[in-house]
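Quick notes on the structure that follows.
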Amino acid sequence: MARAFIFHGTAGYPEENWFPWLKAELEQRGCETIVPQFPTPENQSLEKWFAVADEYRRETEGAPILIGHSLGGAFLLRLLERGTRAKAAFLIGTPIGVGVVKNQRTDDDFTGKLFDWKKIRESCPLFFVIQSDNDPYVPIENGRELAKNLGVEMIFIPNCGHFNKAAGFVKFEFLLKKIEEVLD
């Protein structure tokens, strides 16, 4: 059975934005989907997020699909860097420490040190970097730099903000179609 994980960002939770909708859609297609709750924003740290991810260690066997929104994307990269294997990784509005990021202070534990891009690419064969031009949290330069380091083209979707409920994203049809391509 296919398996997917959806990782929320700073101050996020599993029932926000398009996460419940995507989880339901993927499960209808036979893909078990897990949306962990990470400690945030109080006492948010990479170590504490790893502790939550470690609770799902058995579920990450077999190279699941990883989907990260905002800081969840940076966390996804850190998991791959740590050796977690994935079939594909979807990074939506992901900060990697380029330019001024709105939550830079709270996110610094995740993005404040250089990423091991070689190790990340070795842990996953397929990356999708999705970025908008009017994201109030993560400047487009993050998406460009992320795509460059992963050796892929950035998927640019104009005027979508941070791909969250505030920007009208309670569904994310484009993302579902891309994931379906990987599932087939």
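The values are calculated or read from the model by the stated rules, or taken from the named source; none is laboratory data. Treat the numbers as computed from the prediction; the structure is a model and nothing was measured. Here the Cβ is made from the backbone with ideal geometry for all residues, glycine too, and neighbour counts use every protein chain on show.
Assorted remarks:
- Check on ALA147, at pLDDT 95 or above and in contact with a Cys (Cβ under 9 Å, 6 or more places away or on another chain): no
- Considering region 59-80, the residues that are assigned to a loop (DSSP other than H, G, I, E, B) and under 22 Å from PHE174 (Cα atoms) include one that is farthest from the chain's Cα centre (by Cα), namely PRO64.
- Among (1) within 18 Å of PHE90 (Cα to Cα); (2) surrounded by 20 or more Cβ atoms within 10 Å (Cβ to Cβ); (3) under 14 Å from the mean Cα position of the chain (by Cα) - the single one ILE34 does not satisfy: (2)
- Considered as a group, the residues in region 158-174 that are in contact with a helix residue (DSSP H, G or I) (Cβ under 7 Å, 6 or more places away or on another chain) and either surrounded by 15 or more Cβ atoms within 10 Å (Cβ to Cβ) or of a type in the set (Gly, Ala, Ser) (or both) include one that is nearest to GLN28 (Cα to Cα), and that residue is PHE172.
- Subset of region 13-58 (residues that are touching a helix residue (DSSP H, G or I) at 6+ places or on another chain (Cβ under 7 Å) and part of a loop (DSSP other than H, G, I, E, B)): GLU16, ASN17, ARG29, VAL35, PRO36, PHE38, PRO39, PRO41, GLN44, SER45
- Region 45-58 residues that are at pLDDT 95 or above, paired with ones that are part of a helix (DSSP H, G or I) and of a type in the set (Val, Ile, Thr) (beta carbon under 6 Å, 6 or more apart): none
- Among the candidates PRO95, PRO14, PRO20, PRO64, the residue that is out of contact with any Leu (no Cβ under 9 Å at 6 or more places or on another chain) and either in contact (Cβ under 8 Å) with a residue 60 or more places away in the chain or within 20 Å of TRP117 (Cα to Cα) (or both) is uniquely PRO64.
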